[in-house]
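The numbers here are math on the coordinates, done by the rules we state, and not lab data. What you are looking at is a predicted structure, and each value in this text was computed from that prediction instead of being measured. Quick reminder, even Gly has a Cβ in these numbers, built from the backbone with ideal geometry, and neighbours come from all protein chains shown.
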Number of protein chains: 2
Amino acid sequence: MEILTDRQQQVLDFIRHHLDAHGLPPTRAEIARALGFSSGNAAEVHLRALERKGAIELIAHASRGIRLSAMAQEFTATATGLPLIGRIAAGSPILAEQNIEARYQLDERLFGPHADYLLRVQGQSLRDAGILDGDLLVVRCTPEACNGQIVVARIDDEVTVKRFERTGERVRLLSANPDFAPIEPATGAALVIEGVAVGVIRCGRL
Amino acid sequence: MEILTDRQQQVLDFIRHHLDAHGLPPTRAEIARALGFSSGNAAEVHLRALERKGAIELIAHASRGIRLSAMAQEFTATATGLPLIGRIAAGSPILAEQNIEARYQLDERLFGPHADYLLRVQGQSLRDAGILDGDLLVVRCTPEACNGQIVVARIDDEVTVKRFERTGERVRLLSANPDFAPIEPATGAALVIEGVAVGVIRCGRL
DNA sequence: TTCCATGCTGTTAATTTAATCAGCGTCCGG
DNA sequence: CCGGACGCTGATTAAATTAACAGCATGGAA
């Protein structure tokens, strides 16, 4: 897809937004109104340019005959799916843009209440819970965890995935692998629960 | 959503199909042509009925102003996603309608070349491969398997999931759990490879 | 400078489309 | 037999929409 001018990008964004909000493409007049043109022809010209550059397809003699090209559709998908977090840059919030490797559309109904992001698991410390190195953990952002849940925790700026266990005031982060020792943060240490796991996805390397 | 008459269902199906094929809703005239009406009014009346029953919403004074209601959209998703296979009725092909518990939309890009269905894993025989009881195996339909791949195999009408291993002419289906013995089908036994695993999904029960 | 792409205004004709009115036939339950 | 829901034809009208033409202005490349 050829590079778009600023104005063309705005038109394309509006088409996407309209499609999303109303379930059908806009008319020339609606585009003109949204972008502040006083002439519908301005929209027409932009649409021709977008078609020429391969961003959209125009259906002749059909009202609202605008469709996103395969490439433009792909882009919409990558803008709306669950973000995949690979490495977490030190000190950055998990969902910072720099940590997002890709976005994937996943059916919400599979993962209970709600899912917020995917986190690539590093290491074998949860091996015996069936969570292997490279698996994608489906995570819901919440500071509340129940005993036995797999949680994403941040201790002194280090993010880890462990099984949560609380006895009274004492919190422990357990591994599921005899080679790894449990973590017992010193009282007063900066332990933050960033989220709880609601699913696991493994692809390839079976 | 109230129950639809046959004809109303056909109209709704056509709207879905048109949306899918062209990316925009149909006009009254297009509906009439597709269903064989000679009057566009027949479509109009059907649309009113569909709106009254909550299947669609009509946007007044807008060409192609038809949108699927939340419920109807949900149904589209369940009609197009990957089928989840729970139990396989004896003797039936895996993808038989009776075996489908639900359908889920999953991002194709996650699971390599192509995925065909989800199969709920029963038992712990692949525990040490990180595949637990109740996990959903993402399966691609193919009769070809490579050494070490997790395969869906049918032996004498029984469907199992195992690790595939071939040495010359000898084929063995291995477990990943010392409590289970490998399966060595007698030469000439009806062993059919139904597909290979391309992913695993676990939701809940972490 | 000239040419061309971009980005717009303003207008108009032709066509598409929604929306409505008047009818006709069938089937079903009261 | 009546009333009502369903399913359709056919025609008409008003409004929405596309698509085209004539211009004007700007800025960059030849």
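Values computed for the structure shown
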| read-out | value |
| --- | --- |
| Student exercise, the protein assembly as shown dipole from Lys, Arg, Asp, Glu Cβ charges, in Debye to nearest 20 | 720 |
| Position A:HIS22, label points 7 Å along Cα→Cβ, spacing to each other copy in nm (shortest first, one decimal) | 1.7 |
| In degrees, nearest ten, helix B:70-80 long axis to first principal axis of chain B (Cα) | 40 |
| Inter-copy label distances at B:ASN177 (7 Å, Cα→Cβ; nm, one decimal) | 2.1 |
| Cβ-vector label at 7 Å, B:ARG52, separations to other copies in nm | 5.1 |
| With Cα atoms, 0 to 90° folded angle of helix B:6-22 axis to chain B main axis | 70 |
| Euclidean distance of C-alpha centroids, segment B:164-196 and segment A:1-56, integer Å | 57 |
| Kirkwood estimate for segment B:1-116, i.e. one over the average of 1/r between Cα atoms, Å | 16.1 |
| Mean shadow area of segment B:82-201 over all directions, Cα convex hull, nm² | 7.3 |
| Relative contact order %, segment A:126-206, counting alpha carbon pairs below 8 Å whose residues are six or more apart | 41 |
| Over chain B: Kirkwood hydrodynamic radius from C-alpha pairwise inverse distances, Å | 20.1 |
| Given 14 as the ceiling on other Cβ atoms within 10 Å, longest exposed-site-free region of chain A for trypsin sites (Lys or Arg not before Pro) in DSSP loops | A:88-204 |
| Computed helical MRE - 222 nm, chain B, DSSP H runs ≥ 4 contributing -39500 (n - 2.57), nearest 500 | -7500 deg cm²/dmol |
| Residue order, fewest to most beta carbons within 10 Å, for A:ASP179, B:ASP116, A:ASP133 | A:ASP179, A:ASP133, B:ASP116 |
| For segment B:90-160: rounded, prolate or oblate by the Cα gyration tensor [a/c cutoff 1.5] | rounded |
| Kirkwood hydrodynamic radius over Cα pairs of the protein assembly as shown, then Stokes diffusion coefficient at 20 °C and 1.002 mPa s, in µm²/s | 86 |
| Quotient of Cα Rg and 2.2 N^0.38 Å for segment A:18-68, N being how many residues it contains | 1.07 |
| Nearest-ten-degree value, helix A:40-52 long axis tilted from longest Cα axis of chain A | 60 |
| Derived scalar couplings ³J(HN,Hα) [segment B:191-206; Karplus, 6.51 cos²θ - 1.76 cosθ + 1.60; whole Hz; x for Gly, Pro] | 9, 10, 7, 8, x, 10, 6, 10, x, 9, 10, 10, 9, x, 6, 8 |
| Debye log10 I(q)/I(0) for segment B:152-197, one point scatterer per Cα, at q = 0.16, 0.27 Å⁻¹ | -0.40, -1.13 |
